[in-house]
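The values are calculated or read from the model by the stated rules, or taken from the named source; none is laboratory data. The structure displayed is predicted, hence computed values, not measured ones. Ideal geometry is used to build each Cβ from the backbone, glycine not excepted, and the neighbour counts take in all protein chains shown.
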Amino acid sequence: MSESDYALRERDGAIARIRNAALLDAAFILVYHNTVMSTYPHIDQALLADIFDESEAAAALSTATKLLNSTYDLGKAYLAGRFTHEDCVKRLEAGFPGFGRESYEKALSYGCFQAR
């Protein structure tokens, strides 16, 4: 399988997960894919408006972006041993309620990656 085939397969997998997820998690999957997998083909944000109410989709995209962008300091604190993994997840849940556990886990992982 070529690299471009792999990238398209990853994008298609993310789209399938978006279609089967609740709104906030769907928005997070899209934002995560377009940010973390930035060298892969992007997923058009209009996909969310095709599945969910347009204004709710826009708000969810904004919230998901804020969640992902908020994780650097938390990742840094976790790597320094100031917080446990569970403490970090609870902080994300408190600051950005409504996402599923996997979204918080991936957000924290991204924060740790950015903080290295």
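Looking only at segment 1-47, which residues are surrounded by 13 or more Cβ atoms within 10 Å (Cβ to Cβ), free of Cβ contacts under 8 Å to residues at least 12 places away in the same chain and farther than 22 Å from residue 66 by Cα?
Result: no residue meets the conditions.
Let me confirm something: among 35, 63, which residue is touching a Phe, Trp or Tyr at 6+ places or on another chain (Cβ under 9 Å), farther than 28 Å from residue 6 by Cα and in the same structural domain as residue 18 (by TED's automatic domain parsing)? First the steps, then the outcome.
Details: 35 fails: farther than 28 Å from residue 6 by Cα.
Only one candidate qualifies: 63.
For segment 48-75, give me each residue that is buried (at least 16 other Cβ atoms within 10 Å of the Cβ), in a helix (DSSP H, G or I) and not small (Gly, Ala, Ser).
48, 61, 63, 65, 67, 68, 71, 74
Give me the pairs, please: first residue somewhere in segment 84-96 and modelled with pLDDT of 95 or more, second residue anywhere and exposed (fewer than 12 other Cβ atoms within 10 Å of the Cβ), beta-carbon distance under 9 Å, and either six or more positions apart or on two chains.
Qualifying pairs under 9 Å: 89/101; 93/101.
Return a yes/no flag: does segment 63-73 have any residue that is in contact (Cβ under 8 Å) with a residue 24 or more places away in the chain and among the acidic types (Asp, Glu). Give the derivation first.
Step one: list which residues in segment 63-73 are in contact (Cβ under 8 Å) with a residue 24 or more places away in the chain, which gives 63-68, 70-73.
Restricting the remaining residues to those that are among the acidic types (Asp, Glu) gives 73.
The answer is yes; a qualifying residue exists.
Please tell me if residue 79 is of a type outside the set (S, T, N, Q), surrounded by 16 or more Cβ atoms within 10 Å (Cβ to Cβ) and more than 30 Å from residue 5 (Cβ to Cβ). Before the answer, list the steps.
Details: of a type outside the set (S, T, N, Q): yes; surrounded by 16 or more Cβ atoms within 10 Å (Cβ to Cβ): no; more than 30 Å from residue 5 (Cβ to Cβ): yes.
Spelling it out, it is not the case that residue 79 is of a type outside the set (S, T, N, Q), surrounded by 16 or more Cβ atoms within 10 Å (Cβ to Cβ) and more than 30 Å from residue 5 (Cβ to Cβ).
Would you be able to say whether some residue in segment 18-30 is of a type in the set (Lys, Arg), under 24 Å from residue 111 (Cα atoms) and assigned to a helix (DSSP H, G or I)?
From segment 18-30, those of a type in the set (Lys, Arg) are 19; that's our starting set.
Right, trim to under 24 Å from residue 111 (Cα atoms) and you get none.
So far as segment 18-30 goes, no, none of its residues is of a type in the set (Lys, Arg), under 24 Å from residue 111 (Cα atoms) and assigned to a helix (DSSP H, G or I).
Does residue 73 meet the test of being over 15 Å from the mean Cα position of the chain (by Cα), within 30 Å of residue 3 (Cβ to Cβ) and of a type outside the set (A, V, I, L, M, F, W, C)? Show your work before the answer.
Values: over 15 Å from the mean Cα position of the chain (by Cα): yes; within 30 Å of residue 3 (Cβ to Cβ): no; of a type outside the set (A, V, I, L, M, F, W, C): yes.
Considered against the rule, which asks whether it is over 15 Å from the mean Cα position of the chain (by Cα), within 30 Å of residue 3 (Cβ to Cβ) and of a type outside the set (A, V, I, L, M, F, W, C), residue 73 comes out as no.
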